[in-house]
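Below is one structure; the comments refer to it alone.
The values are calculated or read from the model by the stated rules, or taken from the named source; none is laboratory data. From a predicted model like this one, the values you see are computed outputs, not experimental measurements. Don't worry about glycine lacking a Cβ; one is built from the backbone with ideal geometry, like all the others, and counts go over all protein chains shown.
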Amino acid sequence: MFDYYYWNNFFTKEDLKELNKICLDNKVLNFKDNPAYANNSNKKLKNVNKIHGVEWRFLKQKLYKLEDEVKSTNLFHYGYNIYDIFDSDEIIFNTYEKNNLYEWHNDATRNNTFDIKFTVLINNSLEEYEGGKFKLFSYGGELEVVEYNKPGSFIMFESKLFHKVFPIINGKRNSIAIFIKGPKFI
């Protein structure tokens, strides 16, 4: 088992344009405007220019192949019981601009009935950018995930792993985050 799995060139530039348009045309509440987010003790972790949700129902036709890859990777490498993504589940669309970053964190939930098993991140950037390195704190220590730097790629890792986005130096970096859920770990 590896710390993460990646797919390079999974999406074409045209695919990315369509994904970004879908995300911008169908956004739900901007998380920075959401009172729950404003009161979140973790807000110091995030210095992201724009964060908003998009319901899965708008993206699922464009991401069904990705979903199949995630399910297959889970089946052959992890064996977790995972749930299907519901149409109403919010997928996160992030925009990082100059000096934006996301400090070390893991993706967890305080829900009593399910856990987030995997984090899936799509690099859906349309512009050139500098900086914004993505690192995992894996079982072997801090690890740069260089495969994620290329637009059109996506990565998958266990959500319990701490990860970080380093500051953007120039340009704009977009990402889509999908959280794959399943029954609570015992």
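At-a-glance table
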| read-out | value |
| --- | --- |
| The range 91-107 residues that are over 18 Å from LEU126 (Cβ atoms), paired with ones that are modelled with pLDDT of 95 or more and of a type in the set (S, T, N, Q) (beta carbon under 9 Å, 6 or more apart) | ASN106/THR119; ASN106/SER159; ASP107/THR119; ASP107/SER159 |
| The one condition in (1) surrounded by fewer than 17 Cβ atoms within 10 Å (Cβ to Cβ); (2) over 19 Å from PRO183 (Cα atoms); (3) not acidic (Asp, Glu) that LEU63 fails to fulfil | (1) |
| Some residue of the range 26-35 being in contact with a Leu (Cβ under 8 Å, 6 or more places away or on another chain) and either among the β-branched types (Val, Ile, Thr) or modelled with pLDDT of 90 or more (or both) | no |
| Residue within the range 56-77 that is under 28 Å from GLU18 (Cβ atoms) and assigned to a loop (DSSP other than H, G, I, E, B) present | no |
